[in-house]
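Comments concern the structure below.
The values are calculated or read from the model by the stated rules, or taken from the named source; none is laboratory data. These numbers come from a predicted model, not from an experiment. We place every Cβ from the backbone using ideal geometry, glycine too, and count neighbours over all the protein chains shown.
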């Protein structure tokens, strides 16, 4: 079980030392790191739970915020922050609300933070045992809805373009890719072709998502020989059942 927390802060202050002590008292291992890209990059493979103690310096480190945005997406990091309204406003220009798991306002309740971080570590350990699905779609509304549905049983990473999907796949191996058939710039068929041409990713299962259920459209999708296809207007229970049946079938083959 991984109970490590990456505590990101600028320097060591009385508050940081007190916070670190409270986290340790809660049974967590604390790894400290300065908000510098080169330093953060040392921990891209762990810990998986980040706690960023913000300060007036946040508007001076746009590169760090961009890095955190990208690494949290790429590596499924759980990012939490301690700050005030002005600092969160600066952060919000780079990081979406969905990318921040928890925000704690100053003055901070040390006990509350420690208990919540312990809960998130436990959640992360439980999630690590689940199958990982990469969901690729350019429709933000569908992405959010499908992610909420799928997260009941799976770890879900979402990207909004084919290019982002290829970038993610360069360092990650999901158990299943749900791929939108129609996307601008890099459409689903092209992404499928790129994945199938990569020896490392060749056997990664891909199911197309399509908004068109007519025979001609379905035949085009099936003709590319994905591992299946799903209609994007499927009800929640049908979507979850289809994914579960796919994994059940995979288990039987293995």
Test for residue 51: is it part of a strand (DSSP E or B), within 22 Å of the chain's Cα centre (by Cα) and within 25 Å of residue 172 (Cα to Cα): yes
Counted residues, the stretch 195-219 - those being without any contact (Cβ under 8 Å) to a residue 24 or more places away in the chain and part of a helix (DSSP H, G or I): 6
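If only one of 242, 217 is closer than 25 Å to residue 140 by Cβ, modelled with pLDDT under 85 and surrounded by 15 or more Cβ atoms within 10 Å (Cβ to Cβ), which one is it? Write out each step before concluding.
Details: 242 fails: modelled with pLDDT under 85.
Criteria check complete, one pass: 217.
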Filter result (touching a residue at least 60 places away in the same chain (Cβ under 8 Å) and in contact with a strand residue (DSSP E or B) (Cβ under 9 Å, 6 or more places away or on another chain)) within the stretch 1-14: 2, 3, 4, 5
Among (1) exposed (fewer than 13 other Cβ atoms within 10 Å of the Cβ); (2) out of contact with any strand residue (DSSP E or B) (no Cβ under 9 Å at 6 or more places or on another chain); (3) part of a helix (DSSP H, G or I), the one test that residue 27 misses: (3)
Residue selected from the stretch 1-24 under the condition in a loop (DSSP other than H, G, I, E, B) and in contact with a helix residue (DSSP H, G or I) (Cβ under 7 Å, 6 or more places away or on another chain), by the criterion farthest from residue 114 (Cα to Cα): 10
Residue in the stretch 50-62 that is under 20 Å from residue 120 (Cβ atoms), touching a residue at least 60 places away in the same chain (Cβ under 8 Å) and not assigned by TED's automatic domain parsing to the domain that holds residue 158 present: yes
Helices (runs of 4 or more DSSP H) enclosed by the stretch 82-194 - at least 1 residues per element that are in contact with a strand residue (DSSP E or B) (Cβ under 8 Å, 6 or more places away or on another chain), crowded, with 16+ Cβ neighbours inside 10 Å and not assigned by TED's automatic domain parsing to the domain that holds residue 242: 85-92, 110-127
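Right, residue 193: at pLDDT 90 or above and over 19 Å from the mean Cα position of the chain (by Cα) or not?
No, not satisfied.
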Yes/no for residue 70 being touching a helix residue (DSSP H, G or I) at 6+ places or on another chain (Cβ under 6 Å), assigned by TED's automatic domain parsing to the domain that holds residue 34 and either over 30 Å from residue 134 (Cβ atoms) or at pLDDT below 95 (or both): no
